[in-house]
Protein chains: 4
Amino acid sequence: MPRTAKQFEEIRADRKKAILNAALHVFSEEGYHSASISKVSKAAGVSKGLMYNYFESKVELLQILIGSLFDDEINGMRKTLEQPVTEQSMIEFIQMGTKILKSKPKQWKLYFSMSTQPEVLKILQDKFSTDHILFSTKIIEFFKMKGDKNPELSLTYFSTAITGKKVSYIMDPDNYPIDKIEKLIINQFITT
Amino acid sequence: MPRTAKQFEEIRADRKKAILNAALHVFSEEGYHSASISKVSKAAGVSKGLMYNYFESKVELLQILIGSLFDDEINGMRKTLEQPVTEQSMIEFIQMGTKILKSKPKQWKLYFSMSTQPEVLKILQDKFSTDHILFSTKIIEFFKMKGDKNPELSLTYFSTAITGKKVSYIMDPDNYPIDKIEKLIINQFITT
Amino acid sequence: MPRTAKQFEEIRADRKKAILNAALHVFSEEGYHSASISKVSKAAGVSKGLMYNYFESKVELLQILIGSLFDDEINGMRKTLEQPVTEQSMIEFIQMGTKILKSKPKQWKLYFSMSTQPEVLKILQDKFSTDHILFSTKIIEFFKMKGDKNPELSLTYFSTAITGKKVSYIMDPDNYPIDKIEKLIINQFITT
Amino acid sequence: MPRTAKQFEEIRADRKKAILNAALHVFSEEGYHSASISKVSKAAGVSKGLMYNYFESKVELLQILIGSLFDDEINGMRKTLEQPVTEQSMIEFIQMGTKILKSKPKQWKLYFSMSTQPEVLKILQDKFSTDHILFSTKIIEFFKMKGDKNPELSLTYFSTAITGKKVSYIMDPDNYPIDKIEKLIINQFITT
DNA sequence: TATGAATGAGTTTTCATTCAT
DNA sequence: TATGAATGAAAACTCATTCAT
């Protein structure tokens, strides 16, 4: 009984996921450069040769892993920021960030360790250039709305806190009390 | 007529500095793993072989570059925290952090991109294990003194802000207004 | 259609043999240290890289080549000495030594040139520690049985002759009359 | 007060000896190929550069060390064998061999581990080719004199014992009872 | 589609020898 | 004469990628 084209597609999709997943684990454990394709393929339960049937190269794996991260983030953030800027939407915006972070800690760790590398910078530029401005504008708007006298600086300070939260969590996801810190950030920057 | 011992010492010191400097530039530009010893030696204007006259291995270069960073930081922090904990000493502590950051931005960038790698984690454990506890204790003491009801959480929030400051600066040292952010942190956590 | 597991196994076994064989020739011709992996791989008709698919390191090649020698020898000696000690078993013991020597002259040459090196001493210790004592005991027992007044010294003299035979043969396998010397040794030490 | 030419010569000779001595120790400890010129020069208390003032190359050191061994041996053997061949002269010949062995165990060990290498074979050919025949002839003559029916084979068996003695002693100079074995050899081959 | 053997360019590292002083 | 810094050629080893089957 030959499989249908649709079944083939499904198999392909599953395998791709399995490989990406294996790559994520191995890369985040050993670091992208130290990890070998051999280990990834073994972890995925797939032969080395087959990997190249699904992905062009090692760097493509990395770029997909990190790129998808930002697809999620950007989409999430875009949704919350498309609404009129209110305390509520800002809170959702922050919570969205935490949620995305908690759902993919390994990806974020990987991203973090590679964020200064050319291979990764390239993606970020592609993905982020336009959206970043949008977000900034929205957040500044919020601070203005609250009567902030230096909303640009507030944006920077706010981003600093968000960054600190992200990095601290990535460094030690098991012990960092991210929810409590989130609340403190919300208290400090959003609800007065 | 052979050179004197002192002359040799000077040559060695100069070359060591030159090599470390070159390594720092190349590593921080291209990433430790992507950078080759060949490139480092070319950047330092010496032969590949000579590098091994001065340093045991590629990883030793990395460890010296990053280790020295923490020697500085630990010493700075120790000095400011040896004093009785006051607002003044806490301010100095924060300013010390900024100063160290600004004096060696490339090293810090390198450190951040390598901070999840075994090669680097090992050094930090060696350098940091005891001191870290001391610093935490002191800062908690400060927050207690100020009547804080949850000084442990405040420490974490404070560390989050400091981390955010560090990382934000490293990511974009030319545009990040670190001094202004420093003031905001001092205002928020120290002087009320 | 991919090869079956069995086919892969065969390929691996063949290649391993070919590489070990090439290594033996090159090492014993030029000496272990002077011989390069490049030359070995060329002699085996494979790429340098492939060697490391099959063997961990250059020194592993050496250790396998020499280790297998002693596996053979120890097994042979053990078999003949497990029997009750008689003139016949002692003769077989000596003949076994000659046979092993003649079957792998290049390995023995390699062994002798490396026998004082740490890389090789290590294997011998692992392989020989317990058996050596057993063998000595058995041979001493034989000399005692024959009424020898100083069987320990006789063991040493006997070993000296065996060693002399081994080394002389290795140095010039084509011209050394090993069988005749073997007979002389048997006459001298075993049958009167 | 400028040194005389003779004094200079003496200094040179002393230094040469010191370097050769250091080389011997280091080579015999670590093996010729594994040992580095750096270590030798340090052991000799002399700079690397200066070593090349006294010796052409690393291999020259080896060749001098091993060559001198055979100068001694050949001279010693020649002296004892220049006399008419008697039991006494044969005994002296054997004792001479033991004496030379005991006086330079490290050289012999080095020689032994290098004896199959091209660098060393070259010297031996130069030194040995003619003398070896002389010695063989003399010893055969002795066995003939004693009424031996196969003196050529006896020579080989005798050489085997001598070789065995040599090698056994080199392998474990501290525990091998070379004097006792020497007596046994003399008893067996010389004094019937 | 699927395998893992095979490649080869590239990497780190070593060290006898040379050279400026 | 004396030093050890400096070289560079060659070594061992790695690994992303290709390829025969």
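One way to sum up the overall shape of the stretch D:34-192 is the equivalent ellipsoid from its Cα gyration tensor, whose semi-axes run 35, 17, 13 Å, largest first. Once the convex hull of all Cα atoms in the stretch C:16-56 is built, its volume per residue stands at 55 Å³.
With the gyration tensor restricted to C-alpha atoms of the stretch D:18-120, the semi-axes of the equivalent ellipsoid amount to 32, 13, 12 Å, longest first. Considering only D:Ala44, D:Gly76, D:Leu24, the residue lying farthest towards the positive end of the dipole of the stretch D:1-89 is D:Ala44, judged by Cα position with unit charges set on Cβ.
Between C:Lys183 and D:Ser68, the FRET efficiency from the beta-carbon distance, with R0 = 45 Å, is close to 0.75.
Going by neighbour counts of Cβ atoms within 10 Å, the residues B:Phe70, D:Phe143 line up, fewest first, as B:Phe70, D:Phe143. Neighbour counts of C-beta atoms inside 10 Å place D:Ser47, A:Ser159 in the sequence D:Ser47, A:Ser159, starting with the fewest.
By the count of neighbouring beta-carbon atoms within 10 Å, fewest first, A:Ser28, D:Ser68 end up ordered D:Ser68, A:Ser28. What FRET efficiency would be calculated for the residue pair B:Phe128, C:Asn53, taking the C-beta separation as r and a Förster radius of 41 Å, to the nearest 0.05? Approximately 0.50, to the nearest 0.05. Placing +1 on the Cβ of every Lys and Arg and -1 on the Cβ of every Asp and Glu, with no other charges, gives chain C a dipole of roughly 440 debye about its Cα centre. Eigenvalues of the alpha-carbon gyration tensor of the protein assembly as shown, scaled by 5 and square-rooted, set the equivalent ellipsoid semi-axes at 75, 34, 23 angstrom, largest first.
Helix-only arithmetic for chain D: the sum of -39500 (n - 2.57) across DSSP H runs with n ≥ 4, divided by the residue total, places the mean residue ellipticity at 222 nm at -26000 deg cm²/dmol.
Any read-out appearing in this document is the output of simple, stated calculations on the displayed coordinates, not a laboratory observation. Keep in mind the model is a prediction, meaning the values are calculated, not measured. All Cβ positions, even for glycine, are placed from backbone atoms using ideal geometry, and neighbour counts span all protein chains on display.
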